[in-house]
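This report refers to the structure that appears directly beneath it.
The values are calculated or read from the model by the stated rules, or taken from the named source; none is laboratory data. Model, not experiment: these values are computed from the prediction. For neighbour counting, all protein chains shown are included, and Cβ atoms are generated from backbone atoms with ideal geometry for every residue, glycine included. Please note that ligands, DNA and RNA were not included when accessible areas were found on the heavy atoms of the full protein model with its side chains. Shrake-Rupley method; radii C 1.70, N 1.55, O 1.52, S 1.80 Å.
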Amino acid sequence: MTTAPRPAAELSADEARRIALRAQGFLGAPDRRSGVRGVLRALGQVQLDTISVLARSHELIPYARLGAVGRGTVEDAYWTGVSDGALPTRPHAFEYWSHAACVLPIEEWPHFAFRRRAYRDRPHWHHDLSAGAYDKVIDQLRSEGPQTATELGGAKNKGEWWDWSDAKIAVERALMHGEVVVVERRGWKRVYDLAERAIPQALLHDELDDTECVRRLVRQAGEALGVGTRADIADYHRIKGEQFDAVVEASGLVPVTVAGWGKPAWADPAALASEPRGRHRTTLLSPFDSLIWERARTERIFGFTHRLEAYVPKQKRVHGYFAMPVLAGGRLVGRVDPAREGGTLVARQVTLDGPKAVPAVARALREAAEWVGCDAVSVVPDRVNHPELAPELVRALS
């Protein structure tokens, strides 16, 4: 682990919390002019996931920052490019492996050259590929244009869910290598295209060496987090700790100490230049939101322990299948496990930190219900962690 130089600033835990909230777009007036695309650029990535409760996570993340932006608007912002007259359509985003499977600003394409090279150089795992299958997929995309896995020949064989077809294995391998790119989805299906055709020529290169790629991503992660430890910043794009160590001094981030953190930290110098001020969002958060996706950081900043329980056996769940933390006043004040039943948003399980959390949780539920087109909100009273607060919550919702 790198030895941190003398800190440029000493932050209280509260100062670090507010810096993180501002960097992540939750403190201060939202930039509505730049909209969803502005959120994506500021965060540097938005994680994708198959789970859809209120909405999919890539929709929930801009909603949490901007409010009730239309869901169609969100999809268009990611997947609809801009045509400059005679020039080809320029995409705004692409999909790649960052923190996980993520939507990334198109400008980040060159910075992931280090990962594309690593995938090309490593042995392939999990799936064998028939001779000629890779070239066949590339030739089909070249001759027929962008296609889904189904159009390429089918995503799966007739076995279990992981039994991918040769076409699916080949196109996913080409995606990892960077020969193929996804800059569009139809419904929830990836649309694959040749990178040479879809990525703007000014960005279509692997010229940056591994060190420079990582340096730029460390800087971007530090700006998106505001302040973070080595683990926080490296985890943002799933960079190895030793890679972080090699570039942090040249990244432009400055060393700081944060009271109570117990570990060296680094901050975006612009985040230290002014005191974070402005309004706080009250909202439900996706468990895949970059504000809270890393458990140790969430506990350190908010004193709030949270984990996704969707993959935990039902009988072992504590807070519910897709429990969503509630952010209010810059704090995490509870969590809700929501579901949609017809036109009603049902809070199947509610955890409140105390009586002061009731108005915030009710507001977050009402706004989320309206956003997804529900005209009512209901609570299961015996699934509220403080039963004596259930009647007050019901009243607040009505």
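Worth a mention:
Yes or no, residue by residue, for (1) surrounded by 15 or more Cβ atoms within 10 Å (Cβ to Cβ); (2) over 30 Å from residue 311 (Cα atoms):
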site	(1), (2)
235	yes, no
242	no, yes
250	no, yes
254	yes, yes
258	yes, yes
266	yes, yes
276	yes, yes
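- Only one of the numbered conditions (1) over 24 Å from residue 398 (Cα atoms); (2) under 18 Å from the mean Cα position of the chain (by Cα); (3) modelled with pLDDT of 95 or more is violated by residue 324, and that is (1).
- Selected residue (only one of 122, 117 is exposed (fewer than 12 other Cβ atoms within 10 Å of the Cβ) and among the basic types (Lys, Arg)): 122
- Among the residues of segment 196-206, the one identified as without any contact (Cβ under 8 Å) to a residue 40 or more places away in the chain and of a type in the set (A, V, I, L, M) is 202.
- Matching residues in segment 169-202 - criterion: being in contact with a strand residue (DSSP E or B) (Cβ under 9 Å, 6 or more places away or on another chain) and on the phi > 0 side of the Ramachandran plot: 178
- Restricting segment 163-188 to residues that are surrounded by 15 or more Cβ atoms within 10 Å (Cβ to Cβ) and of a type in the set (Lys, Arg), the residue that is farthest from residue 98 (Cα to Cα): 168
- Among the conditions (1) modelled with pLDDT under 95; (2) in a strand (DSSP E or B), the only one that residue 274 does not satisfy is (2).
- Of the strands (runs of 3 or more DSSP E) lying entirely inside segment 287-398, those containing at least 1 residues that are open to solvent by 60 Å² or more (accessible area, probe 1.4 Å) span 331-341, 344-352.
- When 65, 33, 56 are screened for being open to solvent by 30 Å² or more (accessible area, probe 1.4 Å) and within 19 Å of residue 325 (Cα to Cα), only 56 passes.
- Flag for residue 234 being closer than 12 Å to residue 11 by Cβ, of a type outside the set (D, E, K, R) and out of contact with any Leu (no Cβ under 6 Å at 6 or more places or on another chain): no
- Filter result for the condition that a residue is part of a helix (DSSP H, G or I) and either within 24 Å of residue 155 (Cα to Cα) or out of contact with any Lys or Arg (no Cβ under 7 Å at 6 or more places or on another chain) (or both), over 131, 113: 113
- Any chance residue 341 is under 20 Å from residue 286 (Cα atoms), without any contact (Cβ under 8 Å) to a residue 60 or more places away in the chain and among the charged types (D, E, K, R): yes
- Among the residues of segment 190-208, at least one is in contact with a Lys or Arg (Cβ under 7 Å, 6 or more places away or on another chain) and farther than 25 Å from residue 135 by Cβ.
- Test set (1) under 20 Å from residue 50 (Cβ atoms); (2) free of Cβ contacts under 8 Å to residues at least 24 places away in the same chain - residue 176 fails condition number: (2)
- Counted residues, segment 219-233 - those being open to solvent by less than 10 Å² (accessible area, probe 1.4 Å) and farther than 14 Å from residue 108 by Cβ: 8
- Residue 210 modelled with pLDDT of 95 or more and surrounded by fewer than 19 Cβ atoms within 10 Å (Cβ to Cβ): yes
- One residue stands out in segment 223-242 among those that are of a type in the set (D, E, K, R) and in contact (Cβ under 8 Å) with a residue 24 or more places away in the chain: the one that is farthest from residue 46 (Cα to Cα), namely 230.
- Of the candidates 309, 299, the single residue that is over 16 Å from residue 24 (Cβ atoms), acidic (Asp, Glu) and out of contact with any helix residue (DSSP H, G or I) (no Cβ under 9 Å at 6 or more places or on another chain) is 299.
- Of everything listed in (1) buried (at least 22 other Cβ atoms within 10 Å of the Cβ); (2) of a type outside the set (A, V, I, L, M); (3) closer than 20 Å to residue 323 by Cα, the single unmet condition for residue 78 is (3).
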